[in-house]
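J.: The structure follows.
The values are calculated or read from the model by the stated rules, or taken from the named source; none is laboratory data. Being a predicted model, the structure only gives us computed values, none of them experimental. Here the Cβ positions follow ideal geometry from the backbone for every residue, glycine too, while neighbour counts run over all protein chains shown. Note: areas computed on protein heavy atoms with side chains; ligands, DNA, RNA excluded. Shrake-Rupley method; radii C 1.70, N 1.55, O 1.52, S 1.80 Å.
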Amino acid sequence: MDRAQKREQLRQNLLGLIEQNSDGGRLPPERELSERFDVARETLRRCLRELEAEGLLNRKQGAGTFVSGQPVVKRPQLISFSEDMRARGLQPSSELLSTAVVGAGAKLANRLKLMPGSPLVEIRRLRMANDEPMALETVYLAQSRLPNFDPATLKSGSLYELLDKHYGLQIRSAHQQLQATVLTVEEAELLEVPAFSPSLLVERTAYSNKGEVVEYGKSLYRADRYRFEVNVLRDGEEPGLD
């Protein structure tokens, strides 16, 4: 058996192990896999890295190699991350990375329809589902609309629910932009993926039922755990079954 055939056989063996493990299942240690499949450790590691790049595995230093979960399908609905995860039977949580009051630069002032220099509340959170990092989120809100705002309440709650309950700000519509990007070393470390991994960048401007701009935010989603789906129609046609 030549080298290429042996690598392909190793790949198929590893794919078989992946199929046998449920989402999040841990593969045996590298030493055991190397002995089981009679390959060199470096050959095994190379194949594991390739499968990780394809989104099939998640390798955590000091912890082992795990089968990646199936991507979460995100459809264009105006619901919060917490509401979305609960609807999928997942437990949402957040790690509050930082909060600050910043002056609105020209771009943010234009997005939020405020005067340049207006004070904004900046909130950075790591969003998780079943304790697995899913997205990095940065949002900006006009401080004048949030008297006595306590960022600590966002560790376990939904921002949209808090805005509605405490400030009467009901999010009714939003404009979103989606583009592909790559993660920096810091972003990748927080999301527990390799540096420069692909990511989905979503920018959102959200409006209240009164037409006011309430929020401008940017979210970086793990490309191996999120997939966006959009249904489209030709002009003049109504949706129907194929």
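J.: Would you be able to tell me the number of residues in the range 87-117 that are under 20 Å from ARG204 (Cα atoms) and in a loop (DSSP other than H, G, I, E, B)?
T.: The total comes to 6.
J.: Determine if the range 6-26 includes at least one residue that is closer than 19 Å to VAL193 by Cβ, open to solvent by less than 60 Å² (accessible area, probe 1.4 Å), at pLDDT 80 or above and not in a helix (DSSP H, G or I).
T.: The answer is no; no qualifying residue exists.
J.: Residue by residue through the range 170-203, note down the ones that are open to solvent by 50 Å² or more (accessible area, probe 1.4 Å), closer than 20 Å to LEU57 by Cα, within 13 Å of the chain's Cα centre (by Cα) and in contact (Cβ under 8 Å) with a residue 24 or more places away in the chain.
T.: Hits for the range 170-203 are GLU192, PRO198.
J.: Next question. Of the residues that sit in the range 76-100 and are of a type in the set (Ser, Thr, Tyr) and at pLDDT 80 or above, which one is surrounded by the fewest Cβ atoms within 10 Å (Cβ to Cβ)?
T.: Checked the range 76-100; the qualifying residue surrounded by the fewest Cβ atoms within 10 Å (Cβ to Cβ) is SER98.
J.: Please enumerate the residues belonging to the range 209-240 that are open to solvent by less than 30 Å² (accessible area, probe 1.4 Å), outside any loop (DSSP other than H, G, I, E, B) and at pLDDT below 85.
T.: TYR226
J.: If you don't mind, another one. Within the range 143-169, how many residues turn out to be assigned to a loop (DSSP other than H, G, I, E, B) and surrounded by 14 or more Cβ atoms within 10 Å (Cβ to Cβ)?
T.: Residues meeting the conditions: 5.
J.: Separate question: Name the residues in the range 101-121 that are open to solvent by less than 40 Å² (accessible area, probe 1.4 Å) and closer than 26 Å to LYS155 by Cβ, would you?
T.: ALA104, LEU108, LEU112, LEU120, VAL121
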